[in-house]
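Novice: So that we are looking at the same thing, I have put the structure below in structure tokens.
The values are calculated or read from the model by the stated rules, or taken from the named source; none is laboratory data. Remember, it's a predicted structure, so these values are computed and weren't measured experimentally. Counting neighbours? That spans all protein chains shown, and the Cβs are built from the backbone with ideal geometry, glycine included. Each accessible area value is taken on the protein alone, full model and side chains, heavy atoms only, with ligands, DNA and RNA left out. Shrake-Rupley method; radii C 1.70, N 1.55, O 1.52, S 1.80 Å.
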Amino acid sequence: MKKLLFLGRDDGLRKALLERFQAESFSYQHHAKTAEDYKDVSALEQTLVTERPDILIVYPPHQSRGQFLDSTAAEWEEAISQNIEATTFILQAALKTFAGSNSGGRIIVLSHVSALAPMNGLSLMGTTLGALNALVKMLALELAPHNVTVNSVAVGPLAAGLELPQDATERLRQDTPIHVDDFEDAAALCLLLCSDEARHLTGQQLRADGGFLLTRGSGSSPYAQ
Amino acid sequence: MDLTGKVALVTGAAQKRSIGWGIASALALAGADVAVNDAYHLDELEARAADLKAMGRRSLAVQADVTDDAQVVRMLETLVESLGRIDIVVSNAGIARWETFSDITLKNTRDLLRINMLGNANVCRAAAKQMVKQGEGGRIIIVSSVQSDVQFPITPVYGATKHAMHSFVGSVALELAPHNITVNHIGPGWVRSPLNDVAPDQKTEADIDAQKAGVPLGRDGKIEEMGAAIRYLASDEAAYTTGAFIRVDGGLGIGKYL
């Protein structure tokens, strides 16, 4: 039985992942459910050493929506600290743990389409998650000799914890060619990445977004205030 | 590309061999009045302002740490009090650290994130607010790196901060478009500026030859060439370019192999 360790946000996406992986007979542990726990990297490093998972899925905790002009330096510091700094050192600990195990493995960073295509009102979230895509590539290079793959999975605009007005939700749904945009789709993609068949797939930014990034909406952004 | 009558601010511009000075002098040569900023090298910063005045431009040396939002806000207030307005901001201040991913330290990571990301956010936000207040549009330009597009093995966090600028610039460009403010970034490749003086892979003649061999155009970039790209993005001719990235790298970022 393969062991999955999940670090980060506790929301619908995490729940969908849990159900899907348990259905496929993976054992499953969830740590760092809160942002504070997620920043306690030394504790998480110990968890990695103790659990020695086959699969690590990291879900950075900071998600927010708001106009850049209204953002504060304190909000930027918080987002940078939670999403980039903490994730960087979780991944560094993972590098040491996975490289030392010599049994291969899978690392996935859960992300959002705003990290790949900027969206109005999501500068904090998109910028900090975008930074992680460079780290994913770097870690993929360093862990490739150990048969560990490292990828990120970007969920669609609606499959995140953002609280959106109803009209924005409707616009985003209309801009998604395959209208279904559920947590289950991202969970399925993660499951694929964790399969033996995906052993040659590394350093990539994959999307489970129903083709959202294939299109450009017309008129004003649904995120405009 | 006449910038006469425009007022610009360039951060990280004290040192004469720096990209910041290449940009400040290019904007001044095109006619702009240019304020220069740095957190350190204050004697040199004053000398740069004097150089710009000797070119017949109004100038100002403003010390501020871009990671401190209060200092950045005061810098913009000082600039507007002295030069009347701001039309162009070039957020250039940044640092680099060379460490493998296994060896990166918390201190270096925090320094990189604070200066290269928080610093850009602080400078761009303060300048954008003033531009919105003025109601006549503006130009926001960030100096990122070729590493926005390609990764190098000993600068993982530096690369992450530069890659993040794709997302940042795009998102802010969308937000500020209704105000006719354009937001873009340029990606310098290998420039022998003070930033690279301590690079571990550029110490010997053999290192330099290896660097040259890695650039399709076979040489380092000049600070004047970075200034030329910024001058274009700051000009009226670039009024329809927003959310874009221009690599100024001799082809370094084109592909992995030559």
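Novice: List the residues, sorted by chain then number, that are 5 or more residues from residue A:112 or on another chain and whose placed amide H is less than 5 Å from its amide H.
Specialist: HN-HN under 5 Å from residue A:112: A:155.
Novice: How much length is gained if the chain between residue A:23 and residue A:11 is pulled fully straight, taking 0.36 nm per residue apart and subtracting their Cα-Cα distance, in nm to one decimal?
Specialist: 2.5 nm
Novice: Just to confirm my numbers, what's the Cα centroid distance between segment B:185-258 and segment A:91-120 in Å?
Specialist: Each part reduced to its Cα centre gives a spacing of 29 Å.
Novice: Using Cα pairs closer than 8 Å and at least 6 residues apart in sequence, work out the relative contact order for chain B, in percent.
Specialist: About 21 percent, as a whole number.
Novice: Could you name the lysines whose alpha carbon sits less than 19 Å from that of residue B:222, not counting residues in the same chain fewer than 8 places away?
Specialist: B:16, B:203, B:212
Novice: Go through B:155, B:241, A:72 and list them by solvent-accessible area, largest first, probe radius 1.4 Å.
Specialist: Per-residue accessible area, sorted high to low, gives A:72, B:241, B:155.
Novice: Specify the angular offset, from 0 to 90 degrees and rounded to the nearest 10, of the alpha carbon long axis of helix B:69-83 from the longest principal axis of the alpha carbons in chain B.
Specialist: For helix B:69-83, the angle is close to 50 degrees.
Novice: So if I place +1 on the C-beta of Lys and Arg and -1 on the C-beta of Asp and Glu, and nothing else carries charge, what would the dipole magnitude of the protein assembly as shown be about its Cα centre? I want it in debye, nearest 20.
Specialist: 540 debye
Novice: May I ask for the angle, rounded to the nearest 10°, between helix B:19-29 and the longest principal axis of chain B, with both axes built from Cα atoms and the value confined to 0 to 90°?
Specialist: That helix lies at roughly 40 degrees to the long axis.
Novice: Once both labels are modelled 7 Å past Cα along the beta-carbon direction, what's the residue A:179-residue B:78 spacing in nm?
Specialist: 5.8 nm
Novice: In terms of the Cα gyration tensor, with a ≥ b ≥ c the square roots of its eigenvalues, is segment B:36-180 rounded because a/c is under 1.5, prolate because a/b exceeds b/c, or oblate?
Specialist: Oblate, since a/c reaches 1.5 and b/c is not below a/b.
Novice: From the phi angles alone, apply the Karplus equation (6.51, -1.76, 1.60; θ = phi - 60°) to segment A:110-115 and give each ³J(HN,Hα) in whole Hz, x where the residue is Gly or Pro.
Specialist: Computed from phi, the couplings for segment A:110-115 are 7, 9, 8, 4, 5, 7 Hz.
Novice: Here's something else I'd like to know. Scan around residue A:28 for amide H atoms under 5 Å from its own, H built in the peptide plane at 1.01 Å from N, and keep only partners 5 or more places away or cross-chain.
Specialist: When sequence neighbours closer than 5 places are left aside, the close amide H contacts are A:4.
Novice: Which value, in Å² rounded to 10, gives the accessible area of residue A:192 with a 1.4 Å probe and all protein chains present?
Specialist: Per-residue accessible area (residue A:192): approximately 90 Å².
Novice: Probe 1.4 Å, all protein chains in place: accessible area of residue A:3 in Å², nearest 10?
Specialist: 70 Å²
Novice: Once both axes come from the Cα atoms, what is the angle between helix B:42-54 and the longest principal axis of chain B, in degrees from 0 to 90, rounded to 10?
Specialist: 60 degrees
Novice: Work out the charge dipole of segment B:7-254 with +1 on the Cβ of Lys and Arg and -1 on the Cβ of Asp and Glu about the Cα centre, then indicate which of B:36, B:90, B:235 is farthest towards its positive end.
Specialist: B:235
Novice: Using 20 Å as the Cα-Cα cut-off, could you pick out the over-long pairs in B:6/B:53; B:6/B:162; B:6/B:133; B:107/B:162; A:2/A:137?
Specialist: B:6/B:162; A:2/A:137
Novice: What whole number of Å gives the distance from the Cα centroid of segment A:25-40 to the Cα centroid of segment B:125-163?
Specialist: 33 Å
Novice: When you take every Cα atom in the protein assembly as shown, what is the radius of gyration, and what is Dmax, the widest Cα pair distance, in Å?
Specialist: For the protein assembly as shown, the Cα-based Rg and Dmax read 22.7, 74 Å.
Novice: Residue-wise, which Karplus ³J(HN,Hα) couplings in Hz belong to segment B:56-66, taking 6.51 cos²θ - 1.76 cosθ + 1.60, θ = phi - 60°, and x for glycine or proline?
Specialist: Values, residue by residue: x, 10, 6, 8, 7, 9, 10, 7, 6, 8, 5 Hz.
Novice: Still on this structure, please answer the following. Assuming 1.306 mPa s and 10 °C, estimate D for chain A with Stokes-Einstein, Rh taken as the Kirkwood radius over Cα pairs, in µm²/s.
Specialist: Answer from the Stokes-Einstein relation: 90 µm²/s.
Novice: Taking one equal scatterer on every alpha-carbon of segment B:7-254, how large is log10 of I(q)/I(0) by Debye at q = 0.13 1/Å?
Specialist: Debye output, listed in q order: -0.75.
Novice: To continue, here is another question. If you take the accessible area of B alone plus A alone and subtract the pair, what total do you get in square angstrom, rounded to 100, with a 1.4 Å probe?
Specialist: Interface area, both chains combined: 3200 Å², rounded to the nearest 100.
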